[in-house]
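See below for the structure under consideration.
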Amino acid sequence: FLFHLIFNTSFSKKKKKMRITGGSENRDLQSMMAFEGIALDKFEFSGKQLIGKDYDFKVKEFKNGKLVSTTLIMDSKEDEYFKIKRDTFRFKMFTKVGDDKKFKIEIAFGGFSSKKLTFNLFDKNGLYVMKTFLGGKTEMNLPATGKFYIMSLITPTLHKDKSSSYCEVAQSGLDPEKLSEKYNIPHYFLIEMTLK
């Protein structure tokens, strides 16, 4: 599938935008990625206020409503080379949910990439799927600096009539860290970004 979302935030009478595109425009490649359980999400931030900012990415793992681990994917403060130097900042996120019950994630930038991380999965509620929290919306407010979630890896909520839903969870508007309380999702991951 291919999707396109834009996020806006205003500060200092200026706007910062974040654009996400998902999937591949090549249908054969997209079919192969789907077969292998690979997702590709492309992010683009734009705005002069990005220049000189640092950032980091973390994976937060939740089990039975509890945060059980926070794993750093990368921190731009590790090297001056990684700092945002232009008014446009792009990166790609590759994720894979394999038949081996492993979740893998890597973030690729212009001339470098993060380390690849692997996590164990426990699909009690069904298959894991990468989701944003936007639903049908195209815009949402983001902080000028600070932490925010850019993606999640969730299983569906299960109903008494045996039906299930991913969208009900992703579009609930709840604090992502509280999803298990209402939707009884025993295990999920949040991808957090911080602009500094």
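The values are calculated or read from the model by the stated rules, or taken from the named source; none is laboratory data. If you're wondering where the values come from, they're calculated on a predicted model, not measured in any experiment. Here the Cβ positions follow ideal geometry from the backbone for every residue, glycine too, while neighbour counts run over all protein chains shown. Ligands, DNA and RNA are stripped out before the accessible areas are found, and what is left, the full protein with its side chains, is counted by its heavy atoms. Shrake-Rupley method; radii C 1.70, N 1.55, O 1.52, S 1.80 Å.
Key figures for this structure:
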{"read-out": "Cβ-based charge dipole, region 32-161, positive-most Cα from Leu72, Gly98, Ser114", "value": "Leu72"}
{"read-out": "Förster radius 22 Å - calculated FRET efficiency between Val129 and Glu44 (Cβ-Cβ, nearest 0.05)", "value": "0.45"}
{"read-out": "Size of electric dipole in region 67-196: Cβ of Lys, Arg +1 and of Asp, Glu -1, about Cα centre, debye, nearest 20", "value": "180"}
{"read-out": "C-alpha center-to-center spacing [region 160-196, region 33-63] in angstrom", "value": "18"}
{"read-out": "Pairwise Lys count, region 140-196 - Cα closer than 24 Å, eight or more residues apart or different chains", "value": "7"}
{"read-out": "Nearest-10 value in Å² for the accessible area of Lys92, using the 1.4 Å probe", "value": "90"}
{"read-out": "Stretch gain in nm, segment Ser172-Thr194, where the contour uses 0.36 nm per residue and the Cα spacing is subtracted", "value": "5.6 nm"}
{"read-out": "Packing-based order for 44-54, 80-90, using average beta carbon neighbours within 10 Å, highest first", "value": "44-54, 80-90"}
{"read-out": "Point-charge dipole on Cβ atoms (K/R +1, D/E -1) for region 44-98, about Cα centre, debye to 20", "value": "240"}
